[in-house]
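Notes follow the structure.
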Amino acid sequence: MKDILIKLIEGDISIEDAQNELKVTQIRELGDNIKFDVRRENRVGVPEAVYAQGKTDEDLLTIINNIGSVTNLMITRLPEDRFNNIKNKIDEEILEISTYYQTGSILTINKTQPKKQRGKVGIITAGTADIPVAEESRITLEQAGYTAIRTYDVGVAGIHRLIDKITYLIDEKVDVIITLAGMEGALPSVVAGIVDMPVIAVPTSTGYGVGEKGFTALFAMLQSCAPGIATMNIDNGYGAGAYAITILKQIEKRVNEGF
């Protein structure tokens, strides 16, 4: 980008030429259907992710085998059977730097290991059924270089389990807490009523009856009377991790500026 701007200032290229060159550095077109954002991580600090659902196996292979200058990539919502379908068609050099996470249904590709960042995020689930979504948050955070500290299955059905775990996260000096719950979705309200840090709430699609598909949990989290809660969409573990990253990045920016 700097080289392009220098050429523009020195009059070597027109504004239109500069605009076209900048577009090339931001977007890679792969075939007719895919426009790949190659600079997202540099712009916002959040790992570049490709949502597997709705894409064909051929689409995914086109993206994976043509990542080019992208350093780290996540393929989210990729069930194990689909990964096994495409595994043998992934270029060998890319497969060697890839890791598949069965529980989180994520494939990561890392040309270099994520740079270690300051900041910790606690992740709490109400039950074991919420763990796949929680793992999506954890992997997102770790792909950005942040430490994720997990404590699972400590929901309000046995609230005595939660108090010790909250103390543990406070002792670990976490900066943000991600809470995940289905059923009635009460966990984020309880946590936010105890701690003095931002709480990110993720409703999960665990439950039955009126709690089916996660809508009851979503409404409860949106309606919470505890302050300081940001609520994600149902099962959006990646979004929760990304939001925690933006909070930590902003804190780091202000600290570096001397505020």
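The values are calculated or read from the model by the stated rules, or taken from the named source; none is laboratory data. Nothing here was measured: the structure is a model prediction, and the numbers come from that model. All Cβ positions, even for glycine, are placed from backbone atoms using ideal geometry, and neighbour counts span all protein chains on display.
Tabulated data for the structure shown
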| read-out | value |
| --- | --- |
| For Gly214: the one exception among (1) in contact with a Lys or Arg (Cβ under 9 Å, 6 or more places away or on another chain); (2) outside any loop (DSSP other than H, G, I, E, B) | (1) |
| Per-region count, segment 90-112, residues touching a helix residue (DSSP H, G or I) at 6+ places or on another chain (Cβ under 7 Å), surrounded by 13 or more Cβ atoms within 10 Å (Cβ to Cβ) and part of a loop (DSSP other than H, G, I, E, B) | 4 |
| Selection from segment 153-166 of residues that are surrounded by fewer than 17 Cβ atoms within 10 Å (Cβ to Cβ) and either in contact (Cβ under 8 Å) with a residue 60 or more places away in the chain or over 20 Å from Arg138 (Cα atoms) (or both) | Ala157, Gly158, Ile159, His160, Arg161, Ile163, Asp164 |
| Segment 154-193, residues that are in a helix (DSSP H, G or I), hydrophobic (A, V, I, L, M, F, W, C) and under 22 Å from the mean Cα position of the chain (by Cα) | Leu169, Leu187, Val191, Ala192 |
| Residue list for segment 136-159, restricted to those being closer than 21 Å to Val195 by Cβ, in contact with a helix residue (DSSP H, G or I) (Cβ under 7 Å, 6 or more places away or on another chain) and of a type in the set (Gly, Ala, Ser) | Ser137, Ala148, Gly155 |
| Restricting segment 201-245 to residues that are closer than 22 Å to Glu135 by Cβ, in contact with a Ser or Thr (Cβ under 6 Å, 6 or more places away or on another chain) and surrounded by fewer than 19 Cβ atoms within 10 Å (Cβ to Cβ), the residue that is modelled with the lowest pLDDT | Lys213 |
| Positions within segment 113-135 being of a type outside the set (Val, Ile, Thr), part of a helix (DSSP H, G or I) and more than 19 Å from Pro198 (Cα to Cα), in sequence order | Ala129, Asp130, Pro132, Glu135 |
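So that you can scan it fast, the table gives a plain yes or no per residue for (1) among the β-branched types (Val, Ile, Thr); (2) modelled with pLDDT of 95 or more:
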residue: Gly54; (1), (2): no, no
residue: Leu61; (1), (2): no, no
residue: Gly68; (1), (2): no, no
residue: Leu73; (1), (2): no, no
residue: Ile124; (1), (2): yes, yes
residue: Ser137; (1), (2): no, yes
residue: Ala148; (1), (2): no, yes
